[in-house]
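A.B. asks: Dumping the structure here so I can ask a few things about it.
The values are calculated or read from the model by the stated rules, or taken from the named source; none is laboratory data. Please read these numbers as outputs of a predicted model, since none were measured by experiment. Note that each Cβ is placed from the backbone with ideal geometry, even for glycine, and that neighbours are counted across all protein chains shown.
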Amino acid sequence: MKKLTISTVPVAIAALIAIVPAAHAADGTLNFTGNITANSCVINANSPNLNIDLGNVPASALASAGQRAGQSAFQIALTGCTGGSTKVAAKFESGLADPTTGHLPLDASSTAKNVQVAIFDTTDTDNKFGQAPAPSAYQTLTGGAATLNYSAWYAATGAATVGTANANATYTLSYQ
């Protein structure tokens, strides 16, 4: 007769635990919705990447939270748009967007502090990162083309400090 010693019992129990399936209870449900569309446009004559220079802005222009400075207008020119939509806007995206302001924090290489990047449309409506475009940002497609006009700004979250102030994000087109 084979004796079980104390040293073999934990191994036997571990082996049994490994083959017993784990019980899991669902804590919630994920419901995915969306559309697959035929909408497409040629962006900036197939050059969709933009470099937007906000220039040199004195820290005194961003001395307190909410102040904006360094306005730089930019356009996204769309041609050859197809599909059934009649309006289009850009949705600005970044996994780093500040959940409070909806603005884009500076990148890790930047040395300035208390500054973010914000984007406004032609009606001066804040188009927050990671959110649907503002209704005022949508432009009507005419002849399969549209020009989306925006302005990028530095936005203070407190008294700005001097230093480099760079950021980057992506955008996708949103159709109606």
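A.B. asks: Check every one of the strands (runs of 3 or more DSSP E) wholly within segment 56-169 and list those with 2 or more residues that are charged (D, E, K, R).
C.D. replies: So the answer is 87-93.
A.B. asks: Quick one: count up the residues across segment 30-44 that are exposed (fewer than 10 other Cβ atoms within 10 Å of the Cβ) and among the small types (G, A, S).
C.D. replies: Total satisfying the criteria: 2.
A.B. asks: Next up: How many of the residues making up segment 58-87 are under 20 Å from S174 (Cα atoms) and touching a Pro at 6+ places or on another chain (Cβ under 9 Å)?
C.D. replies: Selection size over segment 58-87: 1.
A.B. asks: Looking at A90 and the list (1) surrounded by fewer than 13 Cβ atoms within 10 Å (Cβ to Cβ); (2) at pLDDT 95 or above; (3) under 20 Å from N149 (Cα atoms); (4) not aromatic (F, W, Y), which single condition is not satisfied?
C.D. replies: (1)
A.B. asks: Give me a count of the residues in segment 25-58 that are more than 22 Å from A145 (Cβ to Cβ), modelled with pLDDT under 90 and within 25 Å of the chain's Cα centre (by Cα).
C.D. replies: Of the residues in that region, 8 qualify.
A.B. asks: Any idea how many residues of segment 107-129 are closer than 19 Å to F74 by Cα and under 16 Å from the mean Cα position of the chain (by Cα)?
C.D. replies: 9
A.B. asks: Please work out if T29 is in contact (Cβ under 8 Å) with a residue 24 or more places away in the chain and of a type in the set (S, T, Y).
C.D. replies: No, not satisfied.
Table: residues versus (1) out of contact with any strand residue (DSSP E or B) (no Cβ under 9 Å at 6 or more places or on another chain); (2) of a type outside the set (A, V, I, L, M); (3) farther than 16 Å from T172 by Cα.
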{"residue": "F92", "(1), (2), (3)": "no, yes, no"}
{"residue": "G95", "(1), (2), (3)": "yes, yes, no"}
{"residue": "V115", "(1), (2), (3)": "no, no, yes"}
{"residue": "I119", "(1), (2), (3)": "no, no, no"}
{"residue": "T122", "(1), (2), (3)": "no, yes, yes"}
{"residue": "K128", "(1), (2), (3)": "no, yes, no"}
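A.B. asks: Let me ask something additional. When the residues of segment 111-147 are filtered to those that are among the small types (G, A, S) and touching an Asp or Glu at 6+ places or on another chain (Cβ under 7 Å), which remaining residue is surrounded by the most Cβ atoms within 10 Å (Cβ to Cβ)?
C.D. replies: Among those that are among the small types (G, A, S) and touching an Asp or Glu at 6+ places or on another chain (Cβ under 7 Å), it is A137.
A.B. asks: Between A69, A61, which is crowded, with 17+ Cβ neighbours inside 10 Å, modelled with pLDDT of 95 or more and of a type in the set (A, V, I, L, M, F, W, C)?
C.D. replies: Going through A69, A61 in turn, just one is crowded, with 17+ Cβ neighbours inside 10 Å, modelled with pLDDT of 95 or more and of a type in the set (A, V, I, L, M, F, W, C): A69.
A.B. asks: Further question on the same structure: Filter segment 130-139 for residues that are within 15 Å of the chain's Cα centre (by Cα) and small (G, A, S) and give the result.
C.D. replies: Result: G130, A132, A134.
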